[in-house]
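Below: one structure, written as structure tokens.
The values are calculated or read from the model by the stated rules, or taken from the named source; none is laboratory data. Keep in mind it's a predicted model, so treat the numbers as computed, not measured. All Cβ positions, glycine included, derive from the backbone under ideal geometry; neighbour counts span all protein chains shown. Just the protein is used for accessible areas: all its heavy atoms, side chains included, with ligands, DNA and RNA removed. Shrake-Rupley method; radii C 1.70, N 1.55, O 1.52, S 1.80 Å.
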Amino acid sequence: MPNNRKRLVGTVVSDKMDKTVVVALENRKMHPVYHKVVTSTKKVMAHDETGAGIGALVRIVQSRPISKRKRWVVEAVLEDAG
């Protein structure tokens, strides 16, 4: 039975909290009128047991609410910082 949780790839922008990282999710799409690529960024908090550092590329997966603002968990570190 496969799980239907959302999985997203983003970059860690802050790791100052204990077992929590802030991940920036970048969304790029074409503007409907001006036909220019527009980038929008959303920051989410994710539970992190692995200890990913700033600049790391991580895959996060949706989970149950862990705290007031944490609804994501770091599933894997795809690329280390550096």
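With a requirement of 1 or more residues that are open to solvent by 40 Å² or more (accessible area, probe 1.4 Å), farther than 18 Å from residue 71 by Cβ and in contact with a Lys or Arg (Cβ under 6 Å, 6 or more places away or on another chain), the strands (runs of 3 or more DSSP E) lying completely within segment 1-53 that satisfy it span 37-47. Scanning segment 59-73 for residues being in a strand (DSSP E or B), free of Cβ contacts under 8 Å to residues at least 40 places away in the same chain and β-branched (Val, Ile, Thr) gives a total of 1. Filter segment 19-38 down to residues that are closer than 24 Å to residue 7 by Cβ and among the charged types (D, E, K, R) and give me whichever is farthest from the chain's Cα centre (by Cα). For segment 19-38, the residue satisfying everything is 29.
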